[in-house]
Amino acid sequence: MKNFIKFLSLVGFGLALSCATFREGNVEYQKIEATNAAKKSISFAVTGQVKLNTNEPVPQNANALGSWANVVKEEFTASSLFSAVKNNEKSTDLSVDINIQNNGQFSQGLSMLTGLTLYLFPSSATDEFVVEATFKNKSGKEIAKIQKRDSVSTWSHITLIFVFPFKSLSNEVYQCQKDLINSVLVEANAKGVLK
């Protein structure tokens, strides 16, 4: 009986890791050229919605928004384009409202079939992230709106157990977040929005 329980535990663990996530790669990380001009301070606010298949969009949960806010703070600070980066403060030279739209697509029937066949029958789910950044000056006047998009697809199949360590969902989504925010900054800098 103990061996059977160990076997079931091993099978369950293996099935939990039989997923791999791949990026579409619409945006790539680019080095931002810092200018010698005086740097401005910036404040950011992150909002977002999730839309699954054809359902109406609903607000993203606090954990997802917190993850995006951390990436925004990281990327804005690492860019060296600003004198200060603050979260949701009004006393800065610039502000940016970042709205994240997560459009998810999956087939509930295929997902159930994958689970019932112990991952012998494959299924997939896709998350498209649309980042819309609205930059405003100190008086609140909109000076630019930039939109970027990328997506990740997660495949579930027993053969992907060997790919999982290299293509996990959390790593691919994090890299996608970084690249999207970086891409917004690169375009804003190139257009002179941050000066």
For the range 105-155, name all the residues that are in contact with a Phe, Trp or Tyr (Cβ under 6 Å, 6 or more places away or on another chain), among the small types (Gly, Ala, Ser) and closer than 21 Å to Asn88 by Cβ.
Ala144
Any residue at all in the range 179-189 that is over 29 Å from Asn53 (Cβ atoms) and among the polar types (S, T, N, Q)?
yes
Name every residue in the range 153-174 that is assigned to a helix (DSSP H, G or I) and over 20 Å from Gln105 (Cβ atoms), in order of residue number.
Ile158, Thr159, Ile161, Phe162, Asn171, Tyr174
Could you tell me whether Gln105 is in a strand (DSSP E or B) and buried (at least 16 other Cβ atoms within 10 Å of the Cβ)?
no
Is one or more of the residues making up the range 75-98 touching a His at 6+ places or on another chain (Cβ under 8 Å) and among the β-branched types (Val, Ile, Thr)?
no
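Suppose we filter Ser91, Ser83, Ser139, Ser95 for residues that are part of a strand (DSSP E or B), more than 15 Å from the chain's Cα centre (by Cα) and modelled with pLDDT under 95; which single one remains?
Working: Ser91 fails: part of a strand (DSSP E or B); Ser139 fails: part of a strand (DSSP E or B); Ser95 fails: modelled with pLDDT under 95.
Exactly one residue qualifies, and that residue is Ser83.
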Keeping to the range 47-78, report how many residues are touching a residue at least 40 places away in the same chain (Cβ under 8 Å), crowded, with 16+ Cβ neighbours inside 10 Å and farther than 30 Å from Gly109 by Cβ.
5
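The values are calculated or read from the model by the stated rules, or taken from the named source; none is laboratory data. Here the structure is a predicted model, which is why all the values come from computation and not from measurement. Backbone-built Cβ (ideal geometry, glycine too); neighbour counts: all protein chains shown.
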